[in-house]
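The numbers here are math on the coordinates, done by the rules we state, and not lab data. Note that the coordinates shown come from a computational prediction; the quantities given were computed from them, not determined experimentally. Because the Cβ atoms are built from the backbone with ideal geometry, glycine has one as well, and the counts that use them run over all protein chains shown.
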Amino acid sequence: MQSGAAAYLSGESIWSRAQLSAVRDLDRYARTGDPAYLKHARAWLDVPLGDLDARKAMEAPTLDYKTAREGLLRGQIHPDDVPGMIRLFRHFSEAPYFRDAVQAWRDSDPYILELAALADRLQAEWETGAPSPARLAQSRMYLVEINLALERLSQRFRTEASGAARWMTRMLSVASVLFLLTLAGLTGLLGWRLTRALTSAERKFRTTFEQAAVGMALVAQDGRLLDVNRALCNILCRPKEAVLGQPYPAYIHAEDQEIARAQWEELISDTRENDTVEQRLHRGDGDTVWVKLTISSMREDSRHGPRFIAIIEDVSESRRLSLELDYQANHDALTGLPNRRAFERRLAETLRRARADGSAHALCFIDLDQFKIVNDTSGHVAGDELLRQAADLLRRSIREHDLLARLGGDEFAIILQDCDLGGAARISEKLRKALEGATFAWEDSTFSLGCSIGVVPITAASTDTGSLLRAADIACHLAKEKGRNRVHLLCEDDRQLAERRGEMEWMGRIRAALRDQRMFLDAQRLVCLARPEHLRYEVLVRLTDETGKVVPPGAFLPAAERFGAAHLVDRWVIEHVCARLAAHPEHLAALDACHINLSGRSFDQADFFHFVVDRLEHYGVPGEKICFEITETAAARNLVDVIGFMDRLASRGCTFALDDFGSGLSSFGYLRRLPVDCLKIDGTFVRDIARDATDRAMVRAINEIGQTLGKTIVAEFVESDEALELLKDMGVHFAQGYAVHRPCRFDEILNDGHRRGVTIGSPQGTAAAAARTRLSAAPDVSNPDAIRRARSLSR
């Protein structure tokens, strides 16, 4: 029984070492994708999984001895210890202390199984060929949490198992006394047999003691080492003869002596029966090693006084792994800077300090201006090198006690300690000039750097860290909108901050509208001037507020563009258009094309192409029935992604229109690069062609060049019969505007799509003009692409 108890303590050490090694190799596999690390992790996981199988076999009403033995052998238990461990579990699993140790063992099952499941998920993630950095980072953080939970359970098992050993010692002592009293009358032969049995048990205990994978020692009251095993000698790098009789405290590192002394005094005074502590020990080779010491008091020896049993486990690797995981959880792998998590924690500390002592600090939000160009033209490897060089340049340009962090992408942030807004402005300008004066060379290309910096103060009046980060982000956006490569200071009472926060409130309202089904679709026909019977129209998204009032697109679409909700609106439109077309097969058969506007933000979503294809296939809508519209500005901002998206969807029959053509500075240049089928002439040129010769010449030029390139030409904002006649004379293919059709509900055009014509002089046309007047009163925004898209969606 004693050897079985010792074997469980030894087995726990093997289990703990295997678990830590599995976590380490899984973390390496998550970072590198190297299959060798996954193979090692699974090999290490087989140890605790084998122990789990063995325990379940031992817990069964009928003992499955073969399965239990095989499980323990997988757990690297010595074959000689297996029978004793099985007997001990079957007969004493509900005994005091041992019961709690077994429960701690059971509690570890979900975490061990989750480690095995996590290994499968990581393997699937890497085998896709394009693992998500966000999901890999989340898995690695989950590894840290599982490791901490298993360490606590491991410590709990050791504590309870040590208590079980002491309880078993007392129980065996009582049992021995009763046994001796019962057998007092037996002959010397029985005594001889008893002595032989005890000698055998002692020999097995000695074997377990000597072969244990963890260091074990018998310690006297004065701290002398009375007996040590081979594992402890290996940990200390000293021969057994040099260790025996030496005081254990002599090996403890000077910085850990005080804690060790307090622990020893508590044990001697019977304040505690056992204790566990991590400390450093001096090795014989001059190095130090981190160990976990679990020391328990034994029954007092009448001749020698109290004795103590010490279990010493080398935890240097687990501590190194914990420190490494902690570092990786708080630092950016690319630049080595603190990441967003660490930065937000430091920002909260700085805000608490400002509130406590009234000190002033500043928060800087930095966005590199040329990063996307480098990424698109030279690749992500060049982009990574640019980020490293920019981080190094920023690090050298700030004060020693300031904190620089990378928040993600090309965004950096700095906390300027003990710095008012004026000082922050000077330091930020210094940072801007440092980046402006640097150049980035990659292969045969050279790029000029620049950055936009938003600065906000950190004072006792600051609301919270979230508000500070949002304000700094807004300040950075304002710096970009004012021409980039500049510094913008923003205060809590700044009018621009209040305006942006108002726009940010639209984020929640847009999401709520999507959730509460308060969005709907209108449609406006594109009338073919040669063959009016052609059925082609553009769907227009609309939103109703909480009171049921229709909100102009110019009020919510710019906010959606700016703050990342536009792609949600686009997905909603695509989903509902496909569903409604599929529900009207006769209309779908007669349809020439349905135009759907796309935001440039949708192309930032890696899965957007797959979403579009999935919706088309799910609803059975042919690709040639859909024409996607994108503005020139959005195409220019995401040129590589847009061209790739167009090429892939074009292979499925979809067509594309370049919206608001002519509004940009390089329209004809982009026309040569973008695989578009249709040009929509910007309405600012079309609206006044009957009165303005310059506009008329612009429309004629665009039409002629577009038709020369084989494009379908659409004139937007056709609002008068005079304009309509001029467009017919020019040979423009399609007209869109209130002179030919007023927007109506999408369901109406689905049910009767061929009879929806409205002339400019009709009552409906008058109402349309009033609607345009209401739209023109919508709040002004500073995102040109968002303005054009909102205007397009309200045609």
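Rounded, prolate or oblate: pick one for region 1-212, where a ≥ b ≥ c are the square roots of the eigenvalues of its C-alpha gyration tensor, a/c under 1.5 means rounded, and failing that, prolate if a/b is larger than b/c, else oblate. Because a/c hits 1.5 or more and a/b exceeds b/c, region 1-212 counts as prolate. Once backbone amide H atoms are built at 1.01 Å from N, residue 534 has 528 as its partners under 5 Å, excluding neighbours fewer than 5 places away on the same chain. Taking the Cα atoms only, what angle lies between the long axis of helix 639-650 and the longest principal axis of the chain, rounded to 10 degrees? That works out to roughly 80 degrees. With a/c under 1.5 counting as rounded, go ahead and sort region 1-92 into rounded, prolate or oblate using the C-alpha gyration tensor (a ≥ b ≥ c being the square roots of the eigenvalues; past the cut-off, prolate if a/b is larger than b/c, else oblate). Note, shape of region 1-92 comes out prolate. Legend: ranking of residues 594, 364 from fewest to most surrounding C-beta atoms inside 10 Å; resulting order 594, 364. Ranked by how many other Cβ atoms sit within 10 Å of their own Cβ, fewest first, the residues 12, 722, 114 fall in the order 722, 114, 12.
The length gained on full extension between residue 464 and residue 91, counted as 0.36 nm times the residue separation minus their Cα-Cα distance, comes to 128.4 nm.
Could you give the angle, 0 to 90 degrees to the nearest 10, between helix 257-268's Cα long axis and the longest principal axis of the Cα atoms of the chain? So the inclination is approximately 50 degrees.
Angle between the Cα long axis of helix 188-211 and the longest principal axis of the chain, 0 to 90 degrees, nearest 10? Tilt relative to the chain: about 40 degrees. Report which label in [x] 109, 66, 56; [y] 130, 64, 55; [z] 109, 72, 39 holds the value of Cα extents along the principal axes in Å derived from the coordinates of this structure. The listed entry that was calculated here is [y].
Contact order for the chain, expressed relative to its length and based on alpha carbon pairs under 8 Å spaced 6+ residues apart, stands at 7 percent. Could you tell me which of rounded, prolate or oblate describes region 331-493, using a ≥ b ≥ c as the square roots of the eigenvalues of the alpha-carbon gyration tensor, with rounded for a/c under 1.5 and, failing that, prolate when a/b is larger than b/c and oblate otherwise? Prolate, because a/c is 1.5 or more and a/b exceeds b/c.
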